[in-house]
Amino acid sequence: MTSGVWLGYCTTSGSTPRKFQERLEGATARVNHSTAGAKIAIERYGERLGKMLAFCIAGHHAGLANGVNGDRVTALTDRLRERVPKLAPAWRREVELPGHHEVSTPLLRPRNPETNGFCAAFFVRMLFSALVDADWLDTEACYDKLEGTSRPRGQHPPLRQLRNRLDAHLATLAASATANPLNDLRDEVLTHARQKAGEPPGMFSLTVPTGGGKTLTSLAFALDHALQHRLARIIYVIPYMSVIEQTAEVFRQALQDEAAGEPDFVVEHHSTFDERRVGQREARDKLRLAMENWDAPVVVTTAVQFFESLFANKPSRCRKLHNIADSVVILDEAQTLPLQYLRPCVTTLDELARNWRTSVVLCTATQPALRESDGFRGGFDNVRELAPEPRRLHQRLRRTRILRQQEPMGDDDLSERLRDSHQTLAIVNTRRHARELYECIRDLDGAVHLTTLMCARHRQRKLESVRAHLREGGPVRLIATSLVEAGVDLDFPVVWRAEAGLESIIQAAGRCNREGHLECGDVFVFEPTEAEGRKPPAEVGQSADAARARCSGVMPTIQLPWMRIEDYFQKLYWLKGTDALDAKRVLQTIREHGRTLDFPFETIAAKFRMIETPLVPVIVPYAGSDGDDNRAERLIRRLEREERPSGIARALPPYVVQIPPRARASLRALGAAAAIGSKQACCFLGAFARSSSPAQAGDADFAWRENRSGD
């Protein structure tokens, strides 16, 4: 942070006194103060460290640029060629810069010569983050002083206090738990992991089958480990939106002192965060501020937000990166990292653990083969397992049998099987298939459809209803896509899963007989018949091929010995090929510029998009069947007349559905959606009237009908 402060002062000196004073007094003319600071950095600290500093100084407003050949942001090389006015000598009296001999490039430990460039580029990002955050906080403090106000930053309970609360919470759970082998095993896993907290920071794995208590075990280890090694925070990274709020709520129940009216301090940083769940306005403001730079003891975020930020170039997205250092990062469901970005993600996690005092925990029931010893190029080394004998755990926690259907199944056959089960879950690979299968059984008691085409608030209500019916023994026949597989707390006696990768099949099995109430639950794996819209995405198809290759010898019953999971991932990565695991050539691009340090930060940020399909938002006026949640309608009415909608936009995510642009255009053409609000708000669309021709809009119209129908 110190570097960020003095660099910030340096940049504010880069202009003639007259023009800069006019700017301070309100003139609109642009004053280029950053280019002068970047030039001084290179003059004073040389072509290597100076260039690293120059990237940060030049980009602290516009963003990290390419070294050469810029796009929207002028390249650093071009910036350094610009002529700037001669600086007033007063800046040298105001800003005391360290001498060249007093500053050196930090001691980074590249994994090997190939990663020299990655280390240097990562250092630039971290320095940029510290500078931007210091600059913004300093500006914020200045305006607060002028206006006589203050913002509710910080003042969070210390980690030791949170660890004590977690201990009390775990003791309460243990006292109320039923004595059975499953709970005994969960206690064993928890105790064993916590005993490993004294291990030096670095790479860890927590390999525990579904239902083994990974969430609270990983949190307990993280708090113990952070306290022993003076780490600052815990960052929990989750792949799916459908489970992030559930996990954050588990943490609040374990760590929050609600009886004392304590403000919320568990930061949720994701696109569907519902600030209404936070009680006091001051607490909401504090969480919103902490979301900007992750200055909080516990952060829960998505894999998309986490990894895209680490490859971003915009100041607002990079501002939090330096706060990932000195932390514990728990990567939940580690097997879900997208294959086309797998090698950049692995290299990033390795760099955090190697050079930035970050402990990374790969938390999953199906540990991917990402170690160097597994044959993964550039994979992890020295990964320490936190669970006691994972192979034995898999044997002890086996609560299902997985059976493969020998013949392809059409929807009529599958519907009949679903009719025969009082409580059953069917998971398919496409939203279209889920919609069509649901239409076949929607007349049955307990028929439910769950999809990402429902707004987050609606999905939450649906899941609450499903859980209640399961507990009460009522009929539930749930049709869903893979959004229910990882971490969603559901317990069905029977599960049907369309063919997919072995990790997906195992995750689906984790929704079957989860609490061990049955001697054995049944999971049926089936191949859907060929039909339009049934073909799975290419990545899912390749995963299914790898699963068949590893398990073909034990069909129709899929037994899952430990080594078969590892073999499956090795087969999958082999099928993809090394180059396809970095499909956008991110690592190669960085490596090619390692010698000159002309890193193309802007280009890489544009390439690294974990969700590549462009989607656009539709606001859904969801109110629920009982009409007790009409907040979306109120927000829409405000949006229609609001000139500056940024405040409303922060409240809308729980009621927004992301759909392809063509689907939104179809809804607009059918009169099922319309642009609303002022010119500044015209990017938001509201669905109001039911389409007269549902088939033309396909999934988008079905999503509207599902949301509009309530619960």
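Computed quantities for the displayed model
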| item | result |
| --- | --- |
| Qualifying residue in the range 403-422 (condition: closer than 26 Å to Gly473 by Cβ and under 30 Å from the mean Cα position of the chain (by Cα)) | no |
| Evaluation of Arg457 against (1) touching a residue at least 40 places away in the same chain (Cβ under 8 Å); (2) charged (D, E, K, R); (3) under 30 Å from Leu572 (Cα atoms) (one fails), failing number | (3) |
| Subset of the range 174-186 that is in contact (Cβ under 8 Å) with a residue 12 or more places away in the chain and surrounded by 16 or more Cβ atoms within 10 Å (Cβ to Cβ) - its residue that is farthest from Ala296 (Cα to Cα) | Leu182 |
| Candidate set: the range 470-527, residues that are surrounded by 24 or more Cβ atoms within 10 Å (Cβ to Cβ) and among the aromatic types (Phe, Trp, Tyr); chosen: the one nearest to Pro181 (Cα to Cα) | Phe492 |
| Filter pass, Asp489 being at pLDDT below 90 and under 17 Å from Leu470 (Cα atoms) | yes |
| Residue selected from the range 190-215 under the condition modelled with pLDDT under 95 and assigned to a helix (DSSP H, G or I), by the criterion farthest from Phe251 (Cα to Cα) | Lys214 |
| Residue check for Thr400: closer than 25 Å to Phe221 by Cα, in contact with a helix residue (DSSP H, G or I) (Cβ under 6 Å, 6 or more places away or on another chain), of a type outside the set (D, E, K, R) and crowded, with 21+ Cβ neighbours inside 10 Å | no |
| Residue under evaluation Asp332, criteria (1) touching a Ser or Thr at 6+ places or on another chain (Cβ under 7 Å); (2) farther than 19 Å from Val586 by Cβ, criterion not met | (1) |
| Verdict on Arg153 being modelled with pLDDT of 90 or more and either in contact with a Cys (Cβ under 7 Å, 6 or more places away or on another chain) or assigned to a loop (DSSP other than H, G, I, E, B) (or both) | no |
| Boolean, Asp224 is over 30 Å from Pro654 (Cβ atoms), touching a helix residue (DSSP H, G or I) at 6+ places or on another chain (Cβ under 8 Å) and assigned to a helix (DSSP H, G or I) | yes |
| Any hit, the range 142-149, residues being surrounded by 11 or more Cβ atoms within 10 Å (Cβ to Cβ), in contact (Cβ under 8 Å) with a residue 60 or more places away in the chain and in a helix (DSSP H, G or I) | no |
| Scope the range 650-694; condition of a type in the set (Gly, Ala, Ser), modelled with pLDDT of 65 or more and within 16 Å of Pro621 (Cβ to Cβ); matching residues | Ala651, Gly671, Ala672, Ala673, Ala674, Ala675 |
| Enumerated helices (runs of 4 or more DSSP H) restricted to the range 1-116, each holding at least 3 residues that are over 22 Å from Phe311 (Cβ atoms) and modelled with pLDDT of 80 or more | 34-45, 76-81 |
| Among the residues listed as Arg431, Arg384, Arg404, the single one being farther than 29 Å from Val208 by Cβ and of a type in the set (D, E, K, R) | Arg431 |
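Table: residues versus (1) within 27 Å of the chain's Cα centre (by Cα); (2) closer than 28 Å to Pro653 by Cα.
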site	(1), (2)
Arg432	yes, yes
Ala447	no, yes
Thr451	yes, yes
Arg467	yes, yes
Gly473	no, no
Arg511	yes, yes
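The values are calculated or read from the model by the stated rules, or taken from the named source; none is laboratory data. Remember, predicted model here, so these are calculated numbers, not experimental data. Don't worry about glycine lacking a Cβ; one is built from the backbone with ideal geometry, like all the others, and counts go over all protein chains shown.
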